[in-house]
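Engineer: What follows is a structure written as structure tokens; I'll ask about it next.
The values are calculated or read from the model by the stated rules, or taken from the named source; none is laboratory data. Quantities reported herein were computed from a predicted structural model and do not represent experimental measurements. Glycine gets a Cβ as well: all are built from the backbone with ideal geometry, and neighbour counts include every protein chain shown.
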Amino acid sequence: MTVEADPVRVESRLAAGRVGCPCCPGVLRPWGWARRRGVHGIDGVRRPRRARCGQCLVTHVLLPVTLLLRRAYAVEVIGAALLARAAGQGHRSIGAALKVPAATVRGWLRVMAGRLDLARVHLLQVTHRAGVDMTVPEACGCPWRDLLAALGAATAALTGRFGPVGVLGPVTAWQVAAACSAGRLLAPGWPAAGPPAVGNTSCP
């Protein structure tokens, strides 16, 4: 489940009982920590908070919007690769520029290529739900650029509603992508058909 990037704020909301369970009407409480992990693109070692619902007893790892589920790279690094692909670059040149193995970049691009239209529709649904009188972006003639246009619209809608600056600085488009996908931007089974599921508990 995605939460804001500031761990102090997450701890404060958990202690106050202000983080709702995504599975039931219950409230999440602190329940230890996930394993430590290094993340390429973020300084230091991260150890996400784990929380448990007092009602359904399900545990959740609270993933900050700077990370994606089961990825060792920050969402900004993965986002930069997707931007470069939309600009026409191949996985080898992208990997060299980002200092990421070409095979890893190729895997990201293959996963995203298989869900470009579904992801675009999901982001447009978020835009419609969050924004007021938001205009649907015109088709660019390229599925990758269409996806980025939809992400731009979702970012504008969410920052227009919640504010362009979060607790750690300006909210980026890729943080919005992480929040809208509940950290599952490249995970199997996302996005599901139908209305966007509620996956994060606050604005990025």
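Engineer: How about the range 49-155: which helices (runs of 4 or more DSSP H) wholly inside it have at least 3 residues that are under 16 Å from residue 184 (Cβ atoms)?
Structural biologist: Working: elements: 75-86, 91-98, 102-113, 116-130.
It comes to 75-86, 102-113, 116-130.
Engineer: Follow-up question, since we're still on this one. Given the criterion at pLDDT 95 or above and under 30 Å from residue 10 (Cβ atoms), identify the matching residue among 109, 168, 158, 185. Give the derivation first.
Structural biologist: Details: 109 fails: under 30 Å from residue 10 (Cβ atoms); 168 fails: at pLDDT 95 or above; 158 fails: at pLDDT 95 or above.
None of the other options fit; the residue is 185.
Engineer: If I ask for residues that are surrounded by 14 or more Cβ atoms within 10 Å (Cβ to Cβ) and more than 15 Å from residue 17 (Cα to Cα), which ones from the range 38-59 would you list?
Structural biologist: Answer for the range 38-59, where residues must be surrounded by 14 or more Cβ atoms within 10 Å (Cβ to Cβ) and more than 15 Å from residue 17 (Cα to Cα): 39, 40, 41, 42, 46, 48, 58.
Engineer: In the range 24-48, which residue that is among the aliphatic types (A, V, I, L, M) and not in a loop (DSSP other than H, G, I, E, B) is nearest to residue 11 (Cα to Cα)? I'd like the intermediate steps shown before the answer.
Structural biologist: So in the range 24-48, the residues among the aliphatic types (A, V, I, L, M) come out as 27-28, 34, 39, 42, 45.
After this cut, where a residue has to be not in a loop (DSSP other than H, G, I, E, B) as well, the list is 27-28, 45.
On the way: 27: 14, 28: 11, 45: 18 Å.
By that ranking, first place goes to 28.
Engineer: Tally the residues that are under 23 Å from residue 179 (Cβ atoms) and of a type outside the set (A, V, I, L, M), restricting the search to the range 57-95. Step through it out loud before you land on a result.
Structural biologist: So in the range 57-95, the residues under 23 Å from residue 179 (Cβ atoms) come out as 58-86.
Subset that is of a type outside the set (A, V, I, L, M): 59-60, 64, 66, 70-71, 73, 76, 79, 85.
Going through the range 57-95 one residue at a time, the tally reaches 10.
Engineer: What number of residues in the range 1-23 are assigned to a strand (DSSP E or B) and free of Cβ contacts under 8 Å to residues at least 12 places away in the same chain? Lay out the reasoning, then the answer.
Structural biologist: First, the residues of the range 1-23 that are assigned to a strand (DSSP E or B): 2-3, 20.
Retained after the next criterion (residues that are free of Cβ contacts under 8 Å to residues at least 12 places away in the same chain): none.
Matching residues across the range 1-23 total 0.
Engineer: Residue 99 versus (1) under 14 Å from the mean Cα position of the chain (by Cα); (2) at positive phi: which is the lone unmet condition?
Structural biologist: If we test residue 99 against (1) under 14 Å from the mean Cα position of the chain (by Cα); (2) at positive phi, just (1) comes out false.
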